[in-house]
């Protein structure tokens with residue numbers, strides 16, 4: 001029987017809230033609808049165990065993580081009451097200046113790197129999952145280095161350059177640890193949908209002329225993306241991920257355009273894709289997609305965490321391509337969406 005996968009969650013925001021709800025929901029019965037893969041690498045959802053939780057918002061520090069999951073500014077939908085798990089949120093670390101949007105949203109309280117390292121070691125963490133806000137690049141790197149020093153594998157859901165840094169990947173590999181990232185690709189979010197439509201049209205011999213994807217949403221992550229530097233970073237990541245689907249260059253733009261408070265953790269993505277088919281006839285997709293960010297992340301995180309542990313079990317270290325290409329926008333190489341999913345399935349689902 002597989003041993004428990006001991007997790008540290010960094011950033012108890014909306015994604016962590018949905019993750020924790022999904023962990024309780026599917027651990028009780030993984031035959032319930034909505035779970036993408038029941039087993040990955042031989043591990044079930046019930047094999048995941050959160051043993052450490054860290055955040056920099058003083059309102060969450062000291063709370064059981066089950067309570068912190070629903071503490072402001074979190075706005076992820078509450079699907080169920082979470083049972084306390086006896087894990088109190090500890091102080092995380094902050095190595096960056098907060099954007100004006102985040103400064104108005106949270107009450108920051110940072111701990112030390114020594115405290116972080118001690119927590120990871122004392123709790124015998126297998127995998128650290130980085131769910132902090134976009135744009136905190138120095139903080140994400142500090143968490144990755146602390147994980148490396150503590151002997152933990154690392155999953156980077158943020159767009160900060162971590163797994164795509166060859167030098168850092170080599171260090172994890174030399175330490176016989178797995179590094180996965182960067183910028184989580186949601187189960188059925190705007191980027192995955194955009195890539196899928198482009199691939200379908202191309203496979204049917206439609207020549208793509210141009211496309212765009214514009215997102216409007218609520219929640220702290222969308223608000224933080226209004227910062228021009230973070231907006232630009234996310235736009236570059238999304239646009240590059242989408243461009244991989246075609247063997248020729250096309251003008252493609254994708255990114256967050258605005259924040260609407262009452263949308264909470266929900267998002268609406270608008271798409272326009274223009275192409276030409278037989279005899280130059282027009283083929284045009286003009287559509288919108290409504291999703292919820294937290295649940296959209298949960299399924300993929302479940303798969304990635306179990307794959308990271310399975311890869312380490314069998315002696316695969318560093319940035320494993322089948323994992324990075326499957327679950328992140330900043331992929332390693334040029335694998336299309338369908339190819340990445342197929343490679344992951346062969347390697348870890350069976």
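Rule-based calculations on the coordinates, nothing more; no lab input. Owing to the predicted nature of the structure, the values given are computational and were not obtained by experimental measurement. Counting neighbours? That spans all protein chains shown, and the Cβs are built from the backbone with ideal geometry, glycine included.
Between the C-alpha center of the stretch 24-89 and that of the stretch 261-305 there is a gap of 26 Å.
With bins 10 Å wide beginning at 0, the percent of Cα pairs of the stretch 56-209 falling in each bin runs 10, 30, 33, 18, 7, 2.
Suppose R0 equals 25 Å; then what is the FRET efficiency for residue 80 and residue 38 from their Cβ-Cβ distance, rounded to the nearest 0.05?
Details: r = 20 Å, r/R0 = 0.79.
The value I calculate is 0.80.
If I stretch the segment between residue 260 and residue 174 completely, what's the gain in nm (0.36 nm per residue apart, minus their alpha carbon distance), one decimal? Don't jump to the answer; show the numbers that get you there.
Values: separation 86, 0.36 × 86 = 30.96 nm, distance 4.50 nm.
Once the chain is fully extended between residue 260 and residue 174, it gains 26.5 nm.
The alpha carbon centroids of the stretch 153-193 and the stretch 93-112 are separated by 23 Å. Beta bridges assigned by DSSP with both partners in the chain are antiparallel in approximately 45 percent of cases. For helix 113-122, what angle does its Cα long axis make with the longest principal axis of the chain, in degrees from 0 to 90 and rounded to 10? Taking the Cα atoms of the chain, the angle to 113-122 is about 80 degrees. With Cα atoms as the point set, the radius of gyration and Dmax of the stretch 79-154 evaluate to 13.8, 37 Å.
Per the Cα gyration tensor, the stretch 2-69 maps to an equivalent ellipsoid with semi-axes of 24, 13, 9 Å, ordered largest to smallest. Oblate is the label for the stretch 266-350, because a/c, from the alpha-carbon gyration tensor with a ≥ b ≥ c as root eigenvalues, is 1.5 or above and a/b does not exceed b/c. Each of the peptides 184-197, 227-240 was scored by the mean count of other Cβ atoms within 10 Å over its residues; in descending order, highest first, they stand as 184-197, 227-240. A simple packing score, the average count of other Cβ atoms within 10 Å per residue, orders the peptides 321-331, 54-64 as 321-331, 54-64, with the highest score first. Here is the size of the stretch 1-131 from its Cα atoms: Rg then Dmax, 15.2, 48 Å.
Start at zero, step by 5 Å, and the Cα-Cα distances of the stretch 267-312 spread as 5, 16, 13, 12, 11, 11, 11, 11, 7, 3, 0 percent across the bins.
When DSSP assigns beta bridges and you keep just the ones with both residues in the stretch 190-293, what percent turn out antiparallel, to the nearest 5? Mind dumping the intermediate values first?
Working: 21 of 29 bridges.
Percent antiparallel among DSSP bridges in the stretch 190-293 is about 70.
Sorted from longest to shortest, the spans of the Cα atoms of the stretch 190-293 along the three principal axes equal 46, 24, 16 Å.
Highest average first, the peptides 272-279, 294-301, 80-87 ordered by how many other beta carbon atoms sit within 10 Å of their residues are 294-301, 272-279, 80-87.
For the stretch 120-191, what is Rg from Cα atoms divided by 2.2 N^0.38 Å, rounded to two decimals? It would help to have the intermediate numbers written out before the result.
Details: Rg = 12.1 Å, N = 72, 2.2 N^0.38 = 11.2 Å.
With N residues counted in the stretch 120-191, Rg over 2.2 N^0.38 Å equals 1.08.
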